[in-house]
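I have placed the structure first, in the form of structure tokens, so that the comments after it can refer back to it.
The values are calculated or read from the model by the stated rules, or taken from the named source; none is laboratory data. Since we're looking at a predicted model, the values are computed, not measured. In this analysis, Cβ positions are derived from the backbone assuming ideal geometry, glycine residues included, and neighbour counts consider all displayed protein chains.
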Amino acid sequence: MSDTAILFKNVSRHFGEIRAVDNVELEINDGEFFSMLGPSGSGKTTCLRMIAGFDRPTSGQIILYGQDVSNLPPYERPVNTVFQDYALFPHMTIEENIGYGLMIKGIAKDERAQRVEEMLKLVRLPGYGQRKPSQLSGGQRQRVALARALINHPKVLLLDEPLGALDLKLRQQMQVELKNIQREVGITFIFVTHDQEEALTMSDRIAVFNEGKIEQVGSPADVYEHPSTPFVAGFVGTSNLVSGEVAQRITGSSKRFSVRPEKIHLAKSNEQAASDMFVANGSVRDVVYLGLYTRYLVELEGGGDLVVVEQNLKTTSMDVTGVKGQKVQLFWKKDHVSYVGG
Amino acid sequence: MLNRVSTFFYKRPRLVLALFLAPPLLWFLVVYIGALITLLINSFFYLDGFTGQVVREFTLQTYAKLLIPTNLQIFARTTVMAILVTIASVILAFPLAYYIARFASPRMKTWLYVAVTLPLWTSYVVRVYSWKLILAQEGIISWFAQLIHLDGLLNWYLSHDLVGGPSLAVSPTGIFIVFVYIWLPYMVIPIQTALERVPKSLIEASGDLGATPAQTFRTVLLPLSFPGVVAGSIFTFSLTLGDFIVPQLFGTSSFYIGKAVLTYQGTSGNIPLAAAFTMGPIVIMIVYLLIARKLGAFDAL
């Protein structure tokens, strides 16, 4: 029992006709970094808000460490949230912001000041206590929001696209930092994002949401390498779906499958395929040189496209662009194929 | 030709700005500041009691006359009334503004907005007179008090000089009620605007961090909407300070500042004293704004 942090039992949330969350079953383990990944409107944020208590399920139950919290107001739940816009109180100093939860609990000023100081150290902002939120940069505000939530020792920390407003460099840096902080404090983190790379980087497990339902739950490697539905194959990474007659020609079965672009080897001369490989013939329709790697769009014989990515280990932009229009053979290991159904 | 003109202005943004600002600045300087200075100058003249003529010589004797106990009482009475009207307006306006800002659907919001501002579409005097009918001795309130056998209580209340009078329509309470009624929209709109600028996520964050709705109201919502409350109170407070029609129509023999000014400059031609009287509300407003600033009302501006 204690291993389960959060349990969704048949949870639905309807807004009028719209089923924002539709019969979701979910189990999140204690101490894990769990991501809810999906496009906007897929229900991931609504799920988060129902855990926080800002929204209540239309039906079903949410169990938090064995306690049914479905109808508890936010202020009675042992969870805290880092908001997308940080939601720092503009009329309070950083110290007052971080100490807010403790102040509400009626913890004495001295202890409060001391714990705020510790938190500022944890998020690497010592000495910033007397400033106002407006005097801080986006990345700093984000860390204050994190400190403000963590100081209350929540059982679960909810993060609603907290890195969305940061630029790429800062975002990558914060991803590492967040993961480190999570390891340090050992709290269950639930992270909502639409950025698949972010989810893959940080999570222990990922739930992929689509249209109010969960399509797949698994480790990053699972979700990436073995997508179980066409949607997951397309949303996490580049979609390379083949079905019908073309699939029959390649695999001997008309079952729809997905293969990741970097798993495909593009053979320019007549190479011999190993027995554990699938082979497909096609011609290169487009070449995009991206420095580190090159992306090829290959039109398959019999119709359909596959995206192939190859690192530019020995090739230059001159070499790769020359391939455009040529007939090629594609090889990939049979293990790297996921049959996605549908 | 038109092209050349637009190019000419495009290259000179400062000139464009000056042209745009000139009319309002001119208006402000000449009509507003000018009038104030004229008032200030007039307040240092005095009225010759024998000839009834204004003597244009610098003197402080008008101010000496202003500061006699009767007049100080007028200032005190008006200020207390303005404070009470302001407090009552805040208490009435806040829940309404809160509802409009946070809970009303967009359609409902429009309707409430219209409802709040609708009274401003009709003449002030008409609305004030209609209260005469409501508050009069044979008016709706007396009638209703009789109906529920509370007329004794009403009469007992009216028998107190401080708040009462011959009827509600001729009493400080009547003045108070009408003031609150006519200035309420000026309080609702700024508070509503301020509340609307408070992001929903701040209220959620407060609850998320363990604050009950009451605590959230005290620590987040009220401080953040305080500038709106102050903006509204500047309207209700200053409008009450200067108004003369309501005390005229609903007042007992006790004067209020506006009525005093009207009487001195209109009836008795004592323009210097009327001018000096006008300085009163200005000073009171300055003190009021200083207090508001001390309370941090303008920090967010």
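Out of curiosity, is B:Ser206 closer than 29 Å to A:Pro133 by Cα and either assigned to a helix (DSSP H, G or I) or assigned by TED's automatic domain parsing to the domain that holds B:Ile282 (or both)?
Yes.
Test each condition in (1) of a type in the set (Ser, Thr, Tyr); (2) farther than 16 Å from B:Leu202 by Cα; (3) in contact with a helix residue (DSSP H, G or I) (Cβ under 9 Å, 6 or more places away or on another chain) for A:Tyr86 and report the one that comes out false.
Evaluating A:Tyr86 over (1) of a type in the set (Ser, Thr, Tyr); (2) farther than 16 Å from B:Leu202 by Cα; (3) in contact with a helix residue (DSSP H, G or I) (Cβ under 9 Å, 6 or more places away or on another chain) leaves (2) as the failure.
Just checking, how many residues over region A:136-154 are within 14 Å of chain B (Cβ to nearest Cβ) and in a helix (DSSP H, G or I)?
So the answer is 9.
So, of the residues in region A:165-184 that are in contact with a strand residue (DSSP E or B) (Cβ under 8 Å, 6 or more places away or on another chain) and in contact (Cβ under 8 Å) with a residue 60 or more places away in the chain, which turns out to be surrounded by the most Cβ atoms within 10 Å (Cβ to Cβ)?
So the residue we want is A:Gln182.
Would you pick out the residues in region A:35-80 that are more than 14 Å from chain B (Cβ to nearest Cβ) and under 16 Å from the mean Cα position of the chain (by Cα)?
A:Ser35, A:Met36, A:Leu37, A:Gly38, A:Pro39, A:Ser40, A:Gly41, A:Ser42, A:Gly43, A:Lys44, A:Cys47
Give the residues of region A:89-132 that are over 17 Å from B:Ser206 (Cβ atoms) and among the small types (Gly, Ala, Ser), sorted by residue number.
Result: A:Ala108, A:Ala113, A:Gly127, A:Gly129.
Being more than 14 Å from chain A (Cβ to nearest Cβ), more than 18 Å from B:Ile37 (Cβ to Cβ) and either surrounded by fewer than 16 Cβ atoms within 10 Å (Cβ to Cβ) or out of contact with any helix residue (DSSP H, G or I) (no Cβ under 7 Å at 6 or more places or on another chain) (or both) is the filter here; which residues of region B:261-301 pass it?
Within region B:261-301, B:Leu262, B:Thr263, B:Gly266, B:Thr267, B:Ser268, B:Gly269, B:Val287, B:Leu289, B:Leu290, B:Ile291, B:Arg293, B:Lys294 meet the criteria.
Kindly check whether there is at least one residue in region A:257-268 that is over 25 Å from A:Val320 (Cα atoms), among the hydrophobic types (A, V, I, L, M, F, W, C), out of contact with any Leu (no Cβ under 9 Å at 6 or more places or on another chain) and surrounded by 16 or more Cβ atoms within 10 Å (Cβ to Cβ).
Among the residues of region A:257-268, not one is over 25 Å from A:Val320 (Cα atoms), among the hydrophobic types (A, V, I, L, M, F, W, C), out of contact with any Leu (no Cβ under 9 Å at 6 or more places or on another chain) and surrounded by 16 or more Cβ atoms within 10 Å (Cβ to Cβ), which makes the answer no.
Out of region B:200-221, which residues are within 11 Å of another protein chain (Cβ to nearest Cβ), surrounded by fewer than 19 Cβ atoms within 10 Å (Cβ to Cβ) and not basic (Lys, Arg)?
Within region B:200-221, B:Ser201, B:Thr212, B:Pro213, B:Ala214, B:Gln215 qualify.
Taking only region A:81-101 into account, find how many residues are within 7 Å of chain B (Cβ to nearest Cβ), in a loop (DSSP other than H, G, I, E, B) and under 29 Å from the mean Cα position of the chain (by Cα).
Qualifying residue count for the region: 4.
Of the numbered conditions (1) touching a helix residue (DSSP H, G or I) at 6+ places or on another chain (Cβ under 6 Å); (2) crowded, with 18+ Cβ neighbours inside 10 Å, A:Pro126 satisfies every one except a single condition; which is it?
(2)
Which of the strands (runs of 3 or more DSSP E) contained wholly in region A:1-78 include at least 3 residues that are under 19 Å from A:Gln216 (Cα atoms) and in contact with a strand residue (DSSP E or B) (Cβ under 8 Å, 6 or more places away or on another chain)?
A:4-15, A:18-29, A:33-37
For the structure I just gave you, tell me whether B:Leu224 is farther than 23 Å from B:Pro166 by Cβ, surrounded by fewer than 20 Cβ atoms within 10 Å (Cβ to Cβ) and out of contact with any Cys (no Cβ under 8 Å at 6 or more places or on another chain).
It is false that B:Leu224 is farther than 23 Å from B:Pro166 by Cβ, surrounded by fewer than 20 Cβ atoms within 10 Å (Cβ to Cβ) and out of contact with any Cys (no Cβ under 8 Å at 6 or more places or on another chain).
Is it fair to say A:Glu32 is among the acidic types (Asp, Glu) and within 14 Å of another protein chain (Cβ to nearest Cβ)?
So A:Glu32 does not fit the description; no.
Of all residues in region A:213-235, how many are surrounded by 21 or more Cβ atoms within 10 Å (Cβ to Cβ) and either closer than 25 Å to A:Asp335 by Cβ or touching a helix residue (DSSP H, G or I) at 6+ places or on another chain (Cβ under 8 Å) (or both)?
8
Scan region A:167-184 and give yes if some residue there is within 16 Å of A:Gly99 (Cβ to Cβ) and in the same structural domain as A:Lys121 (by TED's automatic domain parsing), otherwise no.
Scanning region A:167-184 turns up no residue that is within 16 Å of A:Gly99 (Cβ to Cβ) and in the same structural domain as A:Lys121 (by TED's automatic domain parsing).
Being at pLDDT below 95, touching a Leu at 6+ places or on another chain (Cβ under 8 Å), small (Gly, Ala, Ser) and buried (at least 20 other Cβ atoms within 10 Å of the Cβ) narrows it down to one of A:Ala199, A:Ala207, so name that one.
Exactly one of A:Ala199, A:Ala207 is at pLDDT below 95, touching a Leu at 6+ places or on another chain (Cβ under 8 Å), small (Gly, Ala, Ser) and buried (at least 20 other Cβ atoms within 10 Å of the Cβ), namely A:Ala199.
A:Phe15 is checked against (1) closer than 18 Å to A:Phe83 by Cα; (2) of a type outside the set (Val, Ile, Thr); (3) within 14 Å of chain B (Cβ to nearest Cβ) and fails just one. What number does that condition carry?
That leaves (1) as the condition not met.
I'd like the full set of residues that are within 19 Å of A:Val232 (Cα to Cα) and surrounded by fewer than 16 Cβ atoms within 10 Å (Cβ to Cβ), limited to region A:28-56.
Matches in region A:28-56: A:Pro39, A:Ser40, A:Gly41.
Taking region A:102-121, which residues are away from chain B (no Cβ under 13 Å) and surrounded by fewer than 17 Cβ atoms within 10 Å (Cβ to Cβ)?
A:Ala108, A:Lys109, A:Asp110, A:Glu111, A:Ala113, A:Gln114, A:Glu117, A:Glu118, A:Lys121
What do you reckon, is A:Thr251 buried (at least 16 other Cβ atoms within 10 Å of the Cβ) and more than 16 Å from A:Thr315 (Cβ to Cβ)?
yes
Looking at the structure I just gave you, is B:Gln192 more than 17 Å from the chain's Cα centre (by Cα), within 28 Å of B:Ile284 (Cα to Cα), in a helix (DSSP H, G or I) and not charged (D, E, K, R)?
Spelling it out, B:Gln192 is indeed more than 17 Å from the chain's Cα centre (by Cα), within 28 Å of B:Ile284 (Cα to Cα), in a helix (DSSP H, G or I) and not charged (D, E, K, R).
Taking B:Glu196 and the conditions (1) surrounded by fewer than 17 Cβ atoms within 10 Å (Cβ to Cβ); (2) within 14 Å of chain A (Cβ to nearest Cβ); (3) in contact (Cβ under 8 Å) with a residue 60 or more places away in the chain, which numbered condition does it fall short on, given that it satisfies the others?
(2)
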